[in-house]
Structure formats: C-alpha cells, structure tokens
Amino acid sequence: MLVNSCDQHPIAPSSALPTTALVLGVASIPAPFTLGAAGAVLSLTAIGLGVAAERRVRRGTASGRRFAIAGIGAGAAGLLAMAALIAAF
C-alpha cells in the first residue's frame with residue numbers, strides 16, 4: 001500500500017473507474033442532441049460506473065470519490081437532457 005510521506009497515512013490506489021464515469025457523464029449531456037438514443041446509453045453507463053467506483057472508494061480499494069459522484073450527477077443530467085428532448089417532440 002502506498003504511504004503519504006508527509007503524514008504517513010495509507011493512500012488508496014488510484015482508479016480509472018471514477019474518471020471514466022466522469023468523462024462518460026460529461027459526454028452524455030450533449031449526446032441526446034447529437035447521437036440520439038445513444039445518449040441514454042452513455043448516461044446509464046456513466047451512472048453505473050459511478051456507482052461501482054463509489055463502492056470501491058468506500059471499501060478503500062480505490063480513490064476518486066469526487067469524480068465518481070460527479071460522474072453520477074453528469075449521467076443524471078444526460079438523462080434529463082434526453083427526457084427534455086423527448087418531451088419537446
């Protein structure tokens with residue numbers, strides 16, 4: 001396990017999962033307007049990855065809690081954008 005040299009507390013290993021959730025979540029916001037139904041797939045994937053990342057962070061096997069939460073929120077915003085697009089037409 002990695003140790004921070006300043007205060008000697010263990011540091012959880014970094015994980016690509018929260019970052020991936022955030023990137024997919026941000027990409028899912030304009031996706032309904034450009035990709036159509038694929039935007040919903042991006043949103044749901046971002047939410048799922050964000051939840052999985054949050055579980056890993058809670059267990060202490062990964063870091064990136066803020067990215068995981070932001071990925072969940074951005075994925076939800078993407079779903080809202082899809083709902084708004086469907087409601088508009």
Practice task
Only Cα pairs under 8 Å and at least 6 apart count here; give the relative contact order of the chain as a rounded whole percent.
Solution key: 36
Practice task
Take the alpha-carbon centre of the stretch 12-48, take the same for the stretch 53-89, and report the distance between them in whole Å.
Solution key: 7
Problem - Structure-derived Cα extents along the principal axes in Å - corresponding label in (i) 57, 19, 14; (ii) 38, 29, 23; (iii) 32, 29, 20 - result: (i)
Problem - Degrees, to the nearest 10: 16-28 long Cα axis against longest axis of the chain - result: 20
Completion exercise
Env charge @ Ser15, Cβ radius under 12 Å, K,R +1 / D,E -1, value +3
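Throughout, read-outs are computed from the coordinates displayed, never taken from laboratory work. These numbers come from a predicted model, not from an experiment. Ideal geometry is used to build each Cβ from the backbone, glycine not excepted, and the neighbour counts take in all protein chains shown.
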